[in-house]
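Notes follow once the structure below has been shown.
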Amino acid sequence: MTSPTPRILAIALLGTLAVAGCKQDAPAPVAPPAAAEPAPEPAPAPPAPAVVTGVELGNEIDADNRVTTPASEFGTGDTIYASVTTDGESAAKLNARWVYGEDRLVRSTDADVAAGPQVLAFDIHHPEGWPTGDYKVEISLDGTVVEIREFAIR
């Protein structure tokens, strides 16, 4: 009869190998998900461009550069005002080009427009009196005509 020791040893060896093969390393700890980085701030919107919101003609302005009584006909001795209202968040260059008849330049004047609402006044006068006829004023913003007002001297 054979000794039971080799058989017991063989069973013990197989058991040890079976247990060792089943033993798995514990999973590595999982780091909690990183906090999401905040989304980058959106770029600020560009400033709104300056715009002309109104043009009035008259022969008198108040302390705020607004025409007191709008008109489209004037006397030969009148000073003629163009009250120009602007708005926007950026500066610009404003021009008033006064024309007699078809295209005879009377006067051209520039003004700087600041950010925000603003009222600017342009004027023309003729010490010896205006010739009667048709006139116009062209209002340009940064070189582009944005408003034209026609008027007459009677």
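Per-structure values
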item	result
Of all residues in the range 62-83 being in contact (Cβ under 8 Å) with a residue 60 or more places away in the chain and aliphatic (A, V, I, L, M), the one that is farthest from Val99 (Cα to Cα)	Ala71
Cross-chain or 6+ apart pairs with Cβ under 8 Å, the range 43-61 first and under 13 Å from Leu120 (Cα atoms) and of a type in the set (Ser, Thr, Tyr), then at pLDDT below 95 and part of a strand (DSSP E or B)	none
Count of residues meeting criterion [small (Gly, Ala, Ser), assigned to a strand (DSSP E or B) and closer than 20 Å to Asp62 by Cβ] in the range 101-147	2
Selection from the range 131-144 of residues that are closer than 15 Å to Val113 by Cβ, touching a residue at least 40 places away in the same chain (Cβ under 8 Å) and of a type in the set (Val, Ile, Thr)	Ile139
Qualifying residues in the range 97-126 (those that are touching a Ser or Thr at 6+ places or on another chain (Cβ under 6 Å) and within 15 Å of Arg149 (Cβ to Cβ)) - the one surrounded by the fewest Cβ atoms within 10 Å (Cβ to Cβ)	Asp123
Pairs with Cβ under 8 Å, 6+ apart, first in the range 109-130 and within 12 Å of Asn95 (Cα to Cα), second assigned to a loop (DSSP other than H, G, I, E, B) and not charged (D, E, K, R)	Asp112/Ala91; Val113/Ala50; Val113/Gly88; Val113/Ala91; Leu120/Asn65; Ala121/Asn65; Asp123/Thr79
Tally, over the range 31-60, of residues that are surrounded by 10 or more Cβ atoms within 10 Å (Cβ to Cβ) and more than 31 Å from the chain's Cα centre (by Cα)	3
Residue among Thr2, Thr85, Thr16 that alone is more than 23 Å from Glu128 (Cα to Cα), of a type in the set (Ser, Thr, Tyr) and modelled with pLDDT of 90 or more	Thr85
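The values are calculated or read from the model by the stated rules, or taken from the named source; none is laboratory data. This is a predicted model, so every value here is computed, not measured. Note that we place each Cβ from the backbone using ideal geometry, even for glycine, and neighbour counts take in every protein chain shown.
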